[in-house]
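Only one structure is covered here, and it is reproduced in the block below.
The values are calculated or read from the model by the stated rules, or taken from the named source; none is laboratory data. This is a predicted model, so every value here is computed, not measured. Cβ placement follows ideal geometry from the backbone for every residue including glycine, while neighbour counts extend to all protein chains displayed. Surface accessibility is based on the protein's heavy atoms, side chains included, excluding ligands, DNA and RNA. Shrake-Rupley method; radii C 1.70, N 1.55, O 1.52, S 1.80 Å.
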Amino acid sequence: MLLLIPLLPLVGFLLNASFGRRVSKPAAGAIACGAMIASFLVSLVSVFRLIALPADARAIAQQVFTWISSGDLAVAFTLRLDPLSAVMILVVTGIGSLIHIYSTAYMHEERDAEYARYFSYLNLFAAFMLVLVLGSNFLVLFVGWEGVGLCSYLLIGFWYEKKSASDAGKKAFIVNRIGDFGFILGVLLAFVHFGTLDFQEIARSSAALGPEAAFGTMSLITLLLFVGATGKSAQIPLYVWLPDAMEGPTPVSALIHAATMVTAGVYMIGRNAVLFSHAPQTLTIIAVVGVATALLAGTIGLVQNDIKRVLAYSTVSQLGYMFLAMGVGAYAAGIFHLYTHAFFKALLFLGSGAVIHALAGEQDLRRMGGLKKDLPITYWTFLIGALAISGVPLLSGFFSKDEILYRTYASGHTLLWIVGLLTSLLTAIYMFRIVFLAFHGHRAEPFADAQDRHARPPQSGSHEAAHAAHLHDAPPAMAIALVVLAVGSVAAGYVGLPQALGGSNRFEKFLEPSFTAADVRSTPDVPDDGAATEGLELGLMAVSTLVAVGGIGLAFFFFLANPRASDRVASQFPGLHRVLMHKYYVDEIYDAAIVQPIRIVSEDGLWKGLDVRVIDGAVNDVAGTVGGASALLRRLQTGSVRAYAASLFLGVVLILGYYLWR
């Protein structure tokens with residue numbers, strides 16, 4: 001049954017890619033949604049079968065075929081289901097199914113062929129992600145790893161007639177290739193060092209070697225693998241592609257940010273938790289990069305005006321939290337946040353899509369306002385998502401984010417905990433900035449002309465014109481997805497209810513076998529005294545709650561109660577505001593330091609200098625010499641008898657003259 005999980009979306013892709021132009025939109029949507037729902041149902045059955053097994057034997061493997069057999073290298077295309085991959089397939093197929101259903105309404109105004117093309121790409125994206133999380137070795141994972149990179153390029157640049165969209169797709173593809181270069185080197189070094197690419201064999205071998213006291217081979221392997229993760233999961237320095245990915249359709253943004261692609265790097269580290277646990281130097285780097293990324297993205301999100309771009313930087317920040325958890329050894333906490341984040345981030349993106357849909361494509365927060373009354377379903381579901389991601393108690397984000405902060409503090413990383421807490425404050429501020437600017441207050445200006453500045457391509461013009469006249473809440477297909485995700489954003493965290501609140505953290509216990517081998521523990525050292533541990537956790541929860549409420553209060557003051565105050569702050573610190581608006585000029589720095597030098601060397605040096613002058617010049621000079629010589633010789637072949645007789649006479653005279661002179 002494991003093969004069916006990725007195979008069903010793949011069949012959906014093949015059907016829509018092959019016959020989508022010949023079927024109606026409802027049929028194309030039904031094929032794609034049916035494939036995802038069927039995959040979700042098979043995933044549920046497989047997970048229930050897994051849970052029925054004893055806790056220490058929860059693994060189901062299926063060898064599909066022998067892929068490579070050459071010398072010491074033997075790689076089978078094997079799929080393996082264990083607690084970690086069980087969580088991932090439910091997230092990918094469950095959240096993915098809701099996004100597919102939502103898309104049937106959101107993309108309805110596209111042409112038939114474009115509609116089918118969109119759903120074929122969406123199915124393929126899910127299929128590759130499922131291969132990635134079910135692969136039992138690095139090469140099978142790499143198939144899915146590169147596959148989701150391809151699909152991100154296709155979907156981000158879906159509206160390829162728009163230059164910004166095609167450029168964003170290329171940017172995502174190229175930046176990820178940089179990270180993938182490091183990832184491939186890490187995989188090759190792992191094979192050289194361990195003699196295998198199977199995750200279980202590598203875990204057993206690395207556990208037997210023990211942790212490295214200094215930076216050694218395992219540290220280098222894990223660091224190279226982490227380079228690949230920084231590309232896929234948008235961490236410093238390779239995060240720059242993710243905000244530009246907003247050029248794609250909004251459901252694509254939800255799929256990339258919530259269920260696929262960006263979670264791949266976090267999953268890969270969790271899958272190799274034993275290996276990373278034996279490279280403490282790399283874990284320190286991961287934790288520092290994660291928390292730095294979270295803070296940097298959080299500060300940028302404070303001032304962005306595009307509603308989707310704010311959410312994009314929010315994703316980068318939340319991924320930083322996940323890497324912080326991985327870096328301090330709290331692998332289960334990192335996956336727990338990945339799981340809860342999938343619900344509220346998909347909800348937030350789809351909610352923003354409903355706003356954009358209602359406003360005929362408008363994405364600028366400054367031109368929104370007062371939408372609460374006209375879009376009640378969108379408002380209340382979006383509010384739940386904002387509360388969840390802000391870490392408000394009793395919602396899913398509170399449990400997972402607090403678990404990360406608790407594990408960070410308990411493991412002795414006080415400075416990282418402080419930065420993580422500050423990032424949590426920023427999250428609450430920029431999320432409720434969206435809520436207050438978009439749904440409360442008064443509409444800044446009419447939006448009926450929004451399509452003139454709308455980022456979507458010309459073919460959607462009729463759709464925009466049709467909806468520019470009046471506001472409308474999410475249609476049924478979109479509303480269903482929003483409501484289900486809102487319920488998940490509330491309830492999903494209770495599977496990891498901590499002991500301090502009367503639970504037993506069943507989520508962590510369920511995942512424990514995926515993160516252990518021999519003597520390796522999945523969580524950092526925490527105080528042994530149960531009462532002291534619970535007291536510490538409750539105290540940190542109280543601090544986190546105060547920070548979340550404080551952030552919401554600051555957002556209320558600056559963006560609803562006294563909106564001019566935010567303008568005054570920006571005018572008092574114009575330099576800082578300009579830096580944040582330009583995203584720390586990272587794109588400009590990359591352009592000046594990397595892109596332009598490469599362009600100059602390629603264009604002026606390699607093309608105009610080497611190619612045109614040397615290579616083309618040499619070829620052209622040879623041709624010119626032969627052509628000139630031919631022109632001279634051609635004059636001797638006139639076809640005139642008189643000329644030939646004259647030349648013969650002249651030759652005789654010259655020869656006789658030469659002999660007479662001698």
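Odds and ends about this structure:
- Number of the condition not met by F323 [criteria: (1) modelled with pLDDT under 95; (2) part of a helix (DSSP H, G or I)]: (1)
- Scanning segment 495-511 for residues that are at pLDDT below 90 and open to solvent by 60 Å² or more (accessible area, probe 1.4 Å) yields Q499, L501, G502.
- Lone qualifier among I384, I377 - being β-branched (V, I, T) and out of contact with any Asp or Glu (no Cβ under 6 Å at 6 or more places or on another chain): I384
- Of residues in segment 204-221 being of a type in the set (S, T, Y) and closer than 11 Å to V274 by Cα, the one nearest to the chain's Cα centre (by Cα): S206
- Restricting D611, D621, D616, D567 to those that are open to solvent by 70 Å² or more (accessible area, probe 1.4 Å), of a type in the set (D, E), more than 30 Å from L242 (Cβ to Cβ) and out of contact with any helix residue (DSSP H, G or I) (no Cβ under 9 Å at 6 or more places or on another chain) reduces the list to D621.
- Residue identified as in contact with a Phe, Trp or Tyr (Cβ under 8 Å, 6 or more places away or on another chain), touching a residue at least 12 places away in the same chain (Cβ under 8 Å) and over 23 Å from I552 (Cβ atoms) among I356, I389, I335: I335
- Here S85 fits the description: at pLDDT 95 or above, of a type outside the set (A, V, I, L, M) and either touching a Pro at 6+ places or on another chain (Cβ under 7 Å) or crowded, with 24+ Cβ neighbours inside 10 Å (or both).
- The condition of being crowded, with 20+ Cβ neighbours inside 10 Å, modelled with pLDDT of 90 or more and touching a Phe, Trp or Tyr at 6+ places or on another chain (Cβ under 9 Å) holds for only one of A477, A492, that being A492.
- Note on segment 24-54: residues that are among the β-branched types (V, I, T), open to solvent by 40 Å² or more (accessible area, probe 1.4 Å) and farther than 10 Å from F119 by Cβ total 3.
- Residue in segment 372-385 that is outside any helix (DSSP H, G or I), at positive phi and open to solvent by 10 Å² or more (accessible area, probe 1.4 Å) present: no
- Criterion (under 25 Å from T263 (Cβ atoms), part of a helix (DSSP H, G or I), more than 14 Å from the chain's Cα centre (by Cα) and of a type in the set (D, E, K, R)) met by exactly one of E114, E201, E146: E201
- Where a residue in segment 533-544 is on the phi > 0 side of the Ramachandran plot and its partner, wherever it lies, is open to solvent by less than 10 Å² (accessible area, probe 1.4 Å) and modelled with pLDDT under 95, with Cβ under 6 Å and at least six apart: none
- Residue match in segment 60-77 (condition: without any contact (Cβ under 8 Å) to a residue 40 or more places away in the chain and open to solvent by less than 50 Å² (accessible area, probe 1.4 Å)): no
- Segment 129-143 - residue that is in contact (Cβ under 8 Å) with a residue 60 or more places away in the chain and more than 13 Å from R80 (Cα to Cα) and, of those, least open to solvent (accessible area, probe 1.4 Å): M129
- If you check A354, A360, A330 for being at positive phi, open to solvent by less than 10 Å² (accessible area, probe 1.4 Å) and at pLDDT below 95, only one passes: A360.
- Counting the residues of segment 513-533 that are modelled with pLDDT of 65 or more, under 26 Å from G270 (Cβ atoms) and surrounded by fewer than 20 Cβ atoms within 10 Å (Cβ to Cβ) gives 3.
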